[in-house]
1. Taking only segment 383-434 into account, find how many residues are acidic (D, E) and either in contact with a Pro (Cβ under 9 Å, 6 or more places away or on another chain) or not in a helix (DSSP H, G or I) (or both).
2. Which pairs turn up if I take residues in segment 521-548 that are closer than 15 Å to R568 by Cα and assigned by TED's automatic domain parsing to the domain that holds L87 and look for partners that are modelled with pLDDT of 95 or more and crowded, with 23+ Cβ neighbours inside 10 Å with beta carbon separation below 8 Å, at least 6 apart in sequence or on another chain?
3. Any residue at all in segment 216-234 that is farther than 30 Å from V61 by Cα and over 25 Å from the mean Cα position of the chain (by Cα)?
4. Quick check: is even one residue across segment 241-255 within 22 Å of Y211 (Cα to Cα), touching a Phe, Trp or Tyr at 6+ places or on another chain (Cβ under 6 Å), assigned to a strand (DSSP E or B) and not hydroxyl-bearing (S, T, Y)?
5. Answer yes if at least one residue in segment 497-504 is assigned to a helix (DSSP H, G or I) and more than 30 Å from L420 (Cβ to Cβ), and no otherwise.
6. Of the residues that sit in segment 524-575 and are among the acidic types (D, E) and more than 20 Å from the chain's Cα centre (by Cα), which one is surrounded by the most Cβ atoms within 10 Å (Cβ to Cβ)?
7. Taking the condition out of contact with any strand residue (DSSP E or B) (no Cβ under 6 Å at 6 or more places or on another chain), modelled with pLDDT of 95 or more and not aromatic (F, W, Y), does K161 pass?
Amino acid sequence: MQHIGSGLGRFLAGTAFVAACLLTWLASAEPLTAGETYASHAIAMHGEPKYGPEFSHFDYVNPDAPKGGHAQLAAIGTFDTLNPYILKGVAANGLGLAFETLMTSSDDEAFTEYGLIAGRIEMPADRSWVIFTLRPEARWHDGTPITVADVIFSFEALTTKGNPFYRVYYGDVQTVEDLGDHRVKFTFKGAENRELPLIMGQLAVISKAYYEARPFDKTSLEPPFASGPYRVEAVEPGRAITYRRVADYWGADLAVTRGRHNFETIRFDYYRDGTVAVEAFKAHAFDFWQENTSKVWATAYSGPQFESGLAIREEISNELPTGMQGFVFNTRRAMFADARVREAIGYAFDFEWTNRNLFYGAYTRTRSYFSNSELASSGLPGAAELALLAPYRDQLPEAVFTEEYAPPASDGSGNNRRNLRHAGRLLDSAGWVIEEGKRVNAESGAPLSFEFLIVSPAFERIIAPLVRGLKRLGIESRIRVVDTSQYQNRIDSFDFDVVVNTFRQSLSPGNEQREFWGSAVAGVQGSRNLIGIEDPVVDALIETVVAAPDREGLIAATRALDRVLLWRHFVVPQWHVRVFRIVYWNKFGRPAISPKYALGFTDTWWVDPDKARALEAGAESLKGQ
């Protein structure tokens, strides 16, 4: 399961969908048998929900957090639309603060959803359908009720006019019915898929009346008509967007809204790049920043504002799966069709030297598409994995069964000749030979030459040593930096050779794996199958993940899929870190317990009035120094 709205995907604007729930129905405590129906306030992918029907708030919030104050934030690049659900345009940050879904996930469980717009969920033992009962009190910002007609319209608009992701993600829905009494039923196709009720709980609900009068599939800077705890207050196209807390928000008294949505206003200012943003933060142009560059983290955040405690530099541990960040090959390009070429390029990347000299030793090498979780493969396949992989043995590299995957390693000295020699042998075996110092195709004479397409200039210093290593192999490679809009357009149309991308994963993978690796979307522009994978073994293993009957089966299926993806060498794995690295001006309070699987800044932090006054006084004193 991909947690939609968790910041995973450009079309969701990099922010979480804001949600809440009121728990008033009894939960089923025993497993269902055939013919029985589950009716409850919540649903877990496996097992039972952590929070029972009478809980008052999530453990990771402060139910008495004060409301008010302003949070000034930063974003990079630009934006040209306030519709986060379509392929066109670059959506503004924070739009999830305005929109809502049928249900919402907690941030301290692997995958459990609680009612939001829908307060009640019903389903049979085989999860072949699901019924949501909408809360009669659920309202749009103008006070009109949210209806079943809105839900059905939302499903149809997203799957026909929305980002192509939705067509795949909701592709197993066979029918949608209005049952009356605020009830809507989704019936699924025959294939077993236990997460489908939860997937439908993630459905973003948009207004039928509003979008029937406007083209849903066009970019727009008109403040959206929505139902969430914030509304768009002001827009400076491409430069800034401001949200204000809705004073009469319909869900303000729901159990899981208690202690959340505490800022009165939230503003995102856009900066050209991270370097400019860091300097702006240090000048207190905005309040909070999550740092993703190790060099900047190690060197930039010092000075009187930090020494005095007016600004805070902090690492917060988390248990989020880190997924796979890597150099991603576009296998639609003929030069990357052979896995030996992709593997050879991996041998030219010297992570150990890079980590020591560029990253201050901050990172761990990624070895799995599901790293930092129990879903990651390791060692040799166990019995359960072998049972899944064995039918495809003649279609897979033998290493899948006989070796533990590990990316190439060096001694970190910068002398990477051993790995480069191995890379040369791989290229020779793939028919790319050296002629006059250049690596060319033995049959056509075409040179092996490609481009790294990036949007962040910070990556130039990281790619440059790889470019030098590739040159020693006779490969000509280039770095091209483009702006946000051009980058997104080229990604959507698969117009690239190699990019840096992160395939983010949840603790409960499922339908979204089809969108990452499935053959059916390899040719669909805007899909997340950037690699262009068309592999029947991968397709079959994806369906095994989707149909896993229990947690143990899901783990085995995910590990098997992981092994195949790794040994196909679709990416050159990069690195990960298991903490949130943040800096903020010391005016905030936050709950004593941090959520396991989220940072929660805009969701659970608040402005502390005493700290805000002290910060204002301290900042004035710093000006005189």
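The values are calculated or read from the model by the stated rules, or taken from the named source; none is laboratory data. Just so we're clear, the structure is a prediction, and the values are computed from it rather than from any experiment. A quick note on method: Cβ atoms are made from the backbone with ideal geometry, for glycine too, and the neighbour counts reach across all protein chains shown.
1. Result for segment 383-434: 4.
2. Listed by first residue and then by second, the contacts come to nothing, as the list is empty.
3. Within segment 216-234, one or more residues are farther than 30 Å from V61 by Cα and over 25 Å from the mean Cα position of the chain (by Cα).
4. Yes.
5. no
6. The selected residue is D535.
7. yes
Per-residue answers, yes or no, for (1) in a helix (DSSP H, G or I); (2) closer than 17 Å to E195 by Cβ:
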position	(1), (2)
R514	yes, yes
I531	no, no
V537	yes, no
L541	yes, yes
A548	no, yes
A560	yes, no
